[in-house]
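Colleague: Below you'll find the structure I mean.
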Amino acid sequence: MKKYWHVINIGIQNNLTYRVNFLFRAVFGFVPLLATIYLWRAIYQGKNGADVAAWSLAEMTSYYLLVTVVDALTAVNDDDWQIAADIKDGNVSQFLLKPIDYLAYRLCLFLAGRLMYLAVAAVPVAVFIFCLRAYFIPPGGVLVILEFALALTLTALLQFFLAYTMALLAFWVLEVSTYILMLFAFEYLASGHLFPLDLLPPFWRGLLDYTPFPYQLYFPINVYLGRLPGPALLHGFLVQAGWVAATYVLARVVWARGLRKYSAVGG
């Protein structure tokens, strides 16, 4: 494990270079978020404060604020592009000759990137939430915080394994950008980033339950808001953990098959 702690340390040092970029990304990310919140406030005023799909104004505002929090803690930023570049440029050859697992190596760098982004974005996010504290729902207790932390951990792993597997397509195709952007676009819609999935028609909402996407954003936010009763909460955690295990196995299988196609010349 000592070498992987060293990788995390190197990753943190590398990401310190981009601390200003992280800060500006976090700050300017509040502009569309603020516009979305004011849009929903106007919608609720037009309905005289009535709930929308069983969501109150406070819950809806908290939902979009939590989208920012979950994104800051779990989103994959450039890791998939770097993995694809490593394969295309032949940089993975060094990992085939050393006692370092490439998936664990990339996971450590992903963790380092999230830690640095959180350290830089924590202050502006906290200030933004404080300014909207009248509409923000605090956690329901210590147990809810622990459940939310578990959901975030599984969400981060699920995000990473999906991005890692998609980047491994570089073993077969020259340019993976199209596939990565397609996955990102679908995740953005199907994970509940634009709106709570309860607003979808029942058929489409039920169809999404068979995919991993709701467990990347919608599920952890509902855990925080306490909108899931006991059996539904347990079922959600089991499904989320199942998707994490499935994507991990898929990542291992795709890597093993990709190595059969891999070739590097020179050095």
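The values are calculated or read from the model by the stated rules, or taken from the named source; none is laboratory data. On a predicted model such as this, the values are computed, not experimentally measured, just so you know. Note: ideal-geometry Cβ built from the backbone for every residue, glycine included; neighbour counts use all protein chains shown.
Colleague: Name the residue, out of ALA241, ALA251, ALA245, that is hydrophobic (A, V, I, L, M, F, W, C), assigned to a helix (DSSP H, G or I) and buried (at least 18 other Cβ atoms within 10 Å of the Cβ).
Modeller: None of the others qualify; the one that does is ALA251.
Colleague: Right, something else. Please enumerate the residues belonging to the range 245-267 that are under 26 Å from ASP71 (Cα atoms) and touching a Phe, Trp or Tyr at 6+ places or on another chain (Cβ under 7 Å).
Modeller: Hits for the range 245-267 are THR247, TYR248, ALA251.
Colleague: Scan the range 30-70 residue by residue and report those that are in contact (Cβ under 8 Å) with a residue 40 or more places away in the chain and within 13 Å of ILE221 (Cβ to Cβ).
Modeller: TRP55, GLU59, MET60, THR61, SER62, TYR63, LEU65, LEU66, VAL67, THR68, VAL69, VAL70 - these are the residues of the range 30-70 that are in contact (Cβ under 8 Å) with a residue 40 or more places away in the chain and within 13 Å of ILE221 (Cβ to Cβ).
Colleague: Take PHE195 and decide whether it is without any contact (Cβ under 8 Å) to a residue 24 or more places away in the chain, buried (at least 18 other Cβ atoms within 10 Å of the Cβ) and more than 13 Å from the chain's Cα centre (by Cα).
Modeller: Taking the combined requirement at face value, the residue satisfies it.
Colleague: For the range 143-167, which positions are touching a residue at least 12 places away in the same chain (Cβ under 8 Å) and over 15 Å from VAL76 (Cα atoms)?
Modeller: Matches in the range 143-167: VAL144, GLU147, PHE148, LEU150, ALA151.
Colleague: Residue pairs, Cβ under 9 Å, 6 or more apart or interchain, first in the range 103-121 and touching a residue at least 12 places away in the same chain (Cβ under 8 Å) and farther than 21 Å from LEU259 by Cα, second assigned to a helix (DSSP H, G or I) and of a type in the set (Ser, Thr, Tyr). List them.
Modeller: Once the first residue is touching a residue at least 12 places away in the same chain (Cβ under 8 Å) and farther than 21 Å from LEU259 by Cα and sits in the range 103-121, its partners that are assigned to a helix (DSSP H, G or I) and of a type in the set (Ser, Thr, Tyr) give CYS108/TYR4; PHE110/TYR164; ARG114/THR74; ALA121/THR68.
Colleague: Being at pLDDT 85 or above and aromatic (Phe, Trp, Tyr) narrows it down to one residue among TYR63, TYR38; which is it?
Modeller: TYR63
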